[in-house]
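> Structure below; questions to follow.
Values in this text are rule-based calculations from the coordinates and carry no lab data. Not measured: the values here are computed from a predicted model. Quick reminder, even Gly has a Cβ in these numbers, built from the backbone with ideal geometry, and neighbours come from all protein chains shown.
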Protein chains: 2
Amino acid sequence: MNELGLAVREDAVGNIFGRWEGSEPALGAVGTGSHVDAIPFSGKYDGVVGVLGALEAISLLKRSGFQPKRSLEVIMFTSEEPTRFGISCLGSRLMAGIEELAQSLKMVVDNQNVSFLDAAESAGYKMGPQDLHSVFLKKDSYSAFVELHIEQGPILEKEGIPVGVVTAIAAPASIAVEFEGNGGHAGAVLMPARNDAGLAAAELALAVEKHVLDSGSIDTVGTVGILQLHPGAINSIPSKSHLEIDVRDIDEKRRNDVIEKIRRSAKDISKNRGVVLSEFKIINKDPPALSDKSVVDAMEFAAKQLNLEYKKMISRAYHDSLFMARVSPMGMVFIPCYKGYSHKPEEYASPEDMANGVKVLALAMAKLSLE
Amino acid sequence: MNELGLAVREDAVGNIFGRWEGSEPALGAVGTGSHVDAIPFSGKYDGVVGVLGALEAISLLKRSGFQPKRSLEVIMFTSEEPTRFGISCLGSRLMAGIEELAQSLKMVVDNQNVSFLDAAESAGYKMGPQDLHSVFLKKDSYSAFVELHIEQGPILEKEGIPVGVVTAIAAPASIAVEFEGNGGHAGAVLMPARNDAGLAAAELALAVEKHVLDSGSIDTVGTVGILQLHPGAINSIPSKSHLEIDVRDIDEKRRNDVIEKIRRSAKDISKNRGVVLSEFKIINKDPPALSDKSVVDAMEFAAKQLNLEYKKMISRAYHDSLFMARVSPMGMVFIPCYKGYSHKPEEYASPEDMANGVKVLALAMAKLSLE
């Protein structure tokens, strides 16, 4: 039991659950939660608002004298950000029962060549590979899952609306690409003799931007967030380059078309520059997720009861909710954030907006608990 | 005294000198030498051949019973590669008496924010800032300086010629550039709202290639060996990018014209993409160096005596000799290397080619010692 009177348990990879038992504990619970890990040089609201906010919502319901029928559960998901092992939403992906992930987690290493299993062990999680399956959620564990999160975009702030009711999460994909050339000395190798893996990477980065813009839809976005050159010395022609590319859209087919264009560009660049395209790997290519009507209804009910204006909207960022949607009816509550900034230190949400989000979350969960 | 009977001394920054006193020690010495430091993931011949080869040449002359008139000195220069502090040929540059360098070495830090003076101290060199001036060579310390080096280009191997007599060293320059944008979340920030510092860097890298090719001369080369993105996460739009650019030519004006075009491109890209060009810094912009006729004559004499075919050629890579040329008549002996490879692990020179280089070096030094 923690201070709030929640029964706390942890699964084999470090997802943490705090349960407030309802009057009918055999029913599927109402879940909420988010993550507290962060990418380097980012902000302190992404994820954290949905964990501390969930605890605050529980506290609010307890103080109000509410008695849940279905149990309420707060989840702190592990490793939402792909920072270390290149796998985003590791905790919720595994909870969603994705067998390929359980298999690949036995092999995956970080950039220091430390395996996931060794890293987990040194962090105090003693598990064998078979324990990864124990993380899979049982069917009907949750009757609903609601995540509170900052918008990470500018719309709510710009329109002065305190609450966003998320109806869908855009479909994310990520790709790893490597080019290899002969490298050599930056002074001694004349230009016609070069096959520069760094310039191939530069061309591909610009091709990603072009294909995304050519989609014709404002909803298509693509980013080269990682571009690394080897050996990375000023007087050495890059002999290897590594890019990681993020592509998203609310339309899965349109996103996949962009990925195919990027693949063709990578091949063309490789041919034109005489470099080897040694890797073009789709790390993940997830479908979009739709919120469930029952959860959307509960969020709208809550906002109306609280007299808070709200807007139905799409989440362009993805979240643990994308994977929880595979095993539970899902919805998300968004709150405004300063200028839409996220994944950088200027990320900010006001106490008032966070309080509104917590109230909507609490009331929506209460309603879902009684259904 | 070392095993070869050389009197060894070291200066304040770690340049090491081994002297074989001649019969007229008051005369300027004949110097030779190179470096043993290396960039990451490089080969083991660049520099090393000129240090071990110099010792071998001395050994050869001693074994032959030669008695030098001018003293012979082997120099092992410190920090020829710019790996840690971004300053190439640190040892020979300082020996050449460049006051600006002595000043900037008091301030310079590595990428871990460790200062040059602290790094030197922790490596056992206890010096105050004023000791940097003690490294400056006295006028007429050397009557000649000859460096043995692998070609780092493919010409000698391709033409089957064992010896290159270097008549000039191409003029190197290096530039550091930084772009800054707003960054943000790779999913949530729509394309029109972005100012991506990584794409600005990609465009500039391709512009460097274009301006170099536009020079119209095969002798102009330009390389982006370093391109770093911040924060460097797949789901984060780069908010900062850092490039280091190397530009060289045997024609100083043509090289400087390319640098100016790169500067204009950086400004244009910054304007078009709405990113800030927060740095465009010329780290160094050195003039080319011509070999001295006396040293070229001695090398040609040696090759002819040894019945070795040779070719007069330009060094496109630069070396400590570029800076020794400021304080001494200078020349360089090149030997072939496998496919012209350098700055990568495949770098190789055959024992036979190294032996030929050592013989030419020894005989040229002997001749210069008697002049």
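> When the dipole is taken about the Cα centre of chain B, and only Lys, Arg (+1) and Asp, Glu (-1) are charged at their Cβ, what size is it in debye, to the nearest 20?
420 debye
> With contacts defined as alpha carbon pairs under 8 Å and 6 or more residues apart, what's the relative contact order of chain B in percent?
Here the relative contact order equals 26 percent.
> Using r as the Cβ-Cβ distance of A:Ala176 and B:Leu190, and R0 as 30 Å, what FRET efficiency do you calculate, to the nearest 0.05? Walk me through the intermediate numbers first.
Numbers: r = 24 Å, r/R0 = 0.81.
Using R0 = 30 Å, I get an efficiency of 0.80.
> Just to be sure I understand the model, the point goes 7 Å from the Cα along the line to the Cβ. What's the resulting A:Asp251 to B:Lys138 distance in nm?
If labels sit at A:Asp251 and B:Lys138, their model points lie 8.1 nm apart.
> Using amide H atoms built in the peptide plane, which far-off residues or other-chain residues are under 5 Å from B:Leu148 H to H?
Here B:Gly33, B:Val333 satisfy the definition.
> Follow-up. Once both axes come from the Cα atoms, what is the angle between helix B:197-214 and the longest principal axis of chain B, in degrees from 0 to 90, rounded to 10?
Long axis of B:197-214 versus the principal axis of chain B: about 50 degrees.
> Would you mind getting the Kirkwood hydrodynamic radius of the range A:243-352 from its Cα pairs, rounded to one decimal in Å?
This gives a value of 17.5 Å.
> If you don't mind, there's one more thing I want to ask. Looking at chain A, identify the longest residue range that excludes and avoids all trypsin sites (Lys or Arg not before Pro) in DSSP loops having at most 12 other Cβ atoms within 10 Å. Provide the component values of the computation, followed by the final result.
Numbers: sites that count: A:Lys126, A:Lys138, A:Lys139.
With a cap of 12 other Cβ atoms within 10 Å, the longest stretch comes to A:140-371.
> So the label point sits 7 Å from Cα along the Cα-to-Cβ vector; using that for A:Phe301, what distances do you get to the other copies, in nanometres, sorted shortest first?
10.3
> With angles folded into 0 to 90 degrees, how steeply does helix B:293-305 sit against the dominant principal axis of chain B? Use alpha carbons for both and round to 10.
Its long axis makes an angle of about 60 degrees.
> What per residue convex hull volume, in Å³, comes out for the protein assembly as shown when only alpha-carbon positions are used?
176 Å³
> Just to compare against my own numbers: the Cα pair-distance distribution for chain B, 20 Å bins, whole % per bin, please.
Taking every Cα pair in chain B, the percentages come to 27, 53, 18, 2.
> Once the cut-off is 17 Å, how many percent of the Cα-Cα pairs in the range A:88-163 end up in the long-distance tail? Walk me through the intermediate numbers first.
Working: 1707 of 2850 pairs.
Cα-Cα pairs of the range A:88-163 separated by over 17 Å account for 60 percent.
> Among A:His133, B:His242, A:His35, what is the fewest-to-most ranking by other Cβ atoms within 10 Å? Before the final figure, lay out the partial values.
Working: A:His133 12, B:His242 18, A:His35 26.
Neighbour counts put them in this order, fewest first: A:His133, B:His242, A:His35.
> Under the definition of partner shielding as Cβ atoms of other protein chains within 10 Å of a residue Cβ, what is the mean value for peptide B:343-352?
Values: counts 13, 9, 3, 4, 2, 0, 0, 0, 0, 0.
Mean partner-chain Cβ count within 10 Å for B:343-352: 3.
> Still on this structure, please answer the following. Mind jotting down the three principal axis lengths of the range B:276-330 based on Cα atoms? Whole angstrom, largest first.
Cα spread of the range B:276-330 along its principal axes, largest to smallest: 60, 23, 13 Å.
> Convex hull over the alpha-carbon atoms of the range B:150-206: what's its volume per residue in Å³?
So the per-residue Cα hull volume is 154 Å³.
> Mind pulling the per residue volume of the convex hull built on the Cα atoms of the range B:139-274? Å³ is fine.
For the range B:139-274, the hull spanned by Cα atoms encloses 175 Å³ per residue.
> Let me know the Rg and Dmax you get for the range A:123-184 when you use only its Cα atoms, in Å.
21.1, 60
> Taking N as the number of residues in the range B:52-95, what is its alpha-carbon radius of gyration divided by 2.2 N^0.38 Å? Don't skip to the end; give the middle numbers.
Details: Rg = 14.8 Å, N = 44, 2.2 N^0.38 = 9.3 Å.
So the Cα radius of gyration is 1.60 times the expected 2.2 N^0.38 Å.
> Equivalent ellipsoid semi-axes for the range A:89-133, as square roots of 5 times the alpha carbon gyration tensor eigenvalues: give them largest first, rounded to whole Å. Please report the intermediate quantities before stating the final value.
Working: eigenvalues 58, 30, 18 Å².
Here the semi-axes work out to 17, 12, 9 Å.
> Once fully extended, how much extra length lies between A:Glu21 and A:Lys267, figured as 0.36 nm per residue of separation less the alpha-carbon to alpha-carbon distance?
83.0 nm
> Continuing with this model, one more query. Taking the range A:1-76 as the region of interest, what is the percent of Cα-Cα pairs per 5 angstrom bin, listed from the shortest bin to the one with the maximum distance?
All Cα pairs considered, the percentages come to 3, 16, 23, 25, 17, 9, 5, 2, 1.
> Roughly how tilted is helix B:48-63, in degrees to the nearest 10 and between 0 and 90, from the longest Cα axis of chain B?
0 degrees
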